[in-house]
Amino acid sequence: FVETIGLAALERQIFDFLGYQWAPILGNFLHIIVVILGLFGTIQFRPKYIIVYSVWTVLWVAWNVFIICFYLEVGGLSKNTDLMTFNISMHRSWWREHGPGCVRKEVPPPVSRSLDDHSFISVTGCIVEFQYLEVIHSSFQILLALLGFVYACYVISVFTEEEDSCKY
């Protein structure tokens with residue numbers, strides 16, 4: 001199960017790197033580190049590491065809820081801002097141009113605009129719009145985090161029961 005959590009985070013990390021989305025890249029990196037820490041805590045019978053993982057899963061769920069709200073433009077958020085790239089670049093979700101069925105076509109820019117602007121790329125024919133793919137990714141991460149949280153709580157209870165039974 002833990003492998004699934006790690007592989008899902010790694011897959012998401014790859015697509016965020018392809019889109020140069022620095023905020024999710026940092027979040028995914030921390031998530032991968034904490035998943036490894038939680039796995040180490042489970043193997044080495046260290047409940048404190050698993051508690052750290054449990055607390056992180058709550059933060060991870062909150063982050064993914066934010067991403068869902070961001071891409072669905074809830075509460076004044078806009079998916080067309082550079083928030084996910086820390087306003088460093090004009091990159092967007094990789095899925096915007098490379099989603100299933102999407103046909104990417106470069107449109108020549110007008111003379112008055114910069115050549116580095118990504119707005120001169122036309123995308124048509126997408127089977128699923130990119131924001132919904134991002135929402136699906138985040139929803140899957142939330143599901144895995146909730147399952148991981150339940151599993152972590154179970155492992156912590158087993159470890160603490162074993163410690164209590166050794167005292168008598």
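The values are calculated or read from the model by the stated rules, or taken from the named source; none is laboratory data. Remember, it's a predicted structure, so these values are computed and weren't measured experimentally. Positions of Cβ are generated from backbone atoms using ideal geometry, with glycine treated the same way; all protein chains shown enter the neighbour counts. Calculation scope for accessible area: heavy atoms of the full protein, side chains included, ligands and nucleic acids excluded. Shrake-Rupley method; radii C 1.70, N 1.55, O 1.52, S 1.80 Å.
A few comments on the model shown:
- Scanning region 18-51 for residues that are loosely packed, with under 15 Cβ neighbours inside 10 Å and closer than 14 Å to Glu134 by Cα gives a single hit, Leu18.
- First in region 143-161 and over 17 Å from Lys48 (Cβ atoms) and open to solvent by less than 40 Å² (accessible area, probe 1.4 Å), second anywhere and at pLDDT 95 or above and not aromatic (Phe, Trp, Tyr), Cβ under 7 Å, 6 or more apart: Ala145/Thr57; Ala145/Val61
- Residues in region 3-29 that are part of a helix (DSSP H, G or I) and in contact with a Phe, Trp or Tyr (Cβ under 8 Å, 6 or more places away or on another chain): Ala8, Gln13, Phe15, Asp16, Leu18, Trp22, Ala23, Ile25, Gly27.
- Taken over region 74-88, the criterion of being assigned to a loop (DSSP other than H, G, I, E, B) and either at pLDDT 90 or above or of a type in the set (Ser, Thr, Tyr) (or both) is satisfied by Val74, Ser78, Thr81.
- Annotation for region 37-49: at least one member residue is over 12 Å from Gly148 (Cα atoms), part of a helix (DSSP H, G or I) and within 21 Å of the chain's Cα centre (by Cα).
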